[in-house]
1. Just add up the charged neighbours of Gln16: K/R +1, D/E -1, any other residue whose Cβ is under 15 Å from the Cβ of Gln16.
2. Per the Kirkwood definition applied to all pairs of different Cα atoms, how many angstroms is the hydrodynamic radius of region 1-148?
Amino acid sequence: DEQLFVADNLAYFPYQVQDEPLFIIEQIDLSISVSGSTQLQQFRDLLKQHLDYTDDDEGIDITKIEKKLYDVSETIINELNQCLYTTKSTMLLLLLKSYLKDVYYLNDTKIIEYDHTESCKITDRPIVTRKINVKFEPKVILDTIKPIIKYDNFQKRKQIIKEFGDFKRYLLAFDADIEDTIQSISELLPASYSTPTKGKKKGSGTSKRRKVMIDSDDDSVNGDF
């Protein structure tokens, strides 16, 4: 709740110059680059230890662990759930970054080239355009605090694996250099929130665009997460 309160304030703060939201995004990127991979590996270690499942960068095949997931003790499930809970702070930061980019029309080139240590920055110019009436309502975090859907015991266990699969795809897409346009994170936000779709854009050298995505389809239908 406290982290959501801080993120909410950072989202709605009346920034006056471009440097301010860009600085927030820079700090978000630094934080995620450290914490995200650690959280991912911790959950993978638990899957290997308790379910004898070796996870990779592909989707999780729930059929391979379904029986073991059903049989393991509630203590192990609580351990998995607690590990998953720590990833919510990273998800919240990524959603905040996406929101600031959208509201202040910040493209990936500006974000990559931004350096707060420069003494004279063109980003010191005043903000003249910003979107209004756009709410910051990170659905995936709000559902964690106050769940809307009630699951039975086994559904809760499968939901833990599904949410981990979502986090993994989200994080790996953030880290990857991807040329093709990928799906937006609209399913994590309310229906009233829209993220503009961008076409392909060629990169040069190491300055490729970082993009964030998460599949909007419910992969649990066919057993893949």
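1. Net of charged neighbours comes to 0.
2. 17.9 Å
Only the coordinates and a few stated rules stand behind these numbers; no lab work does. These numbers were taken from a predicted model, which means no experiment stands behind them. So basically every Cβ, Gly included, is an ideal-geometry build from the backbone, and we count neighbours across all protein chains shown.
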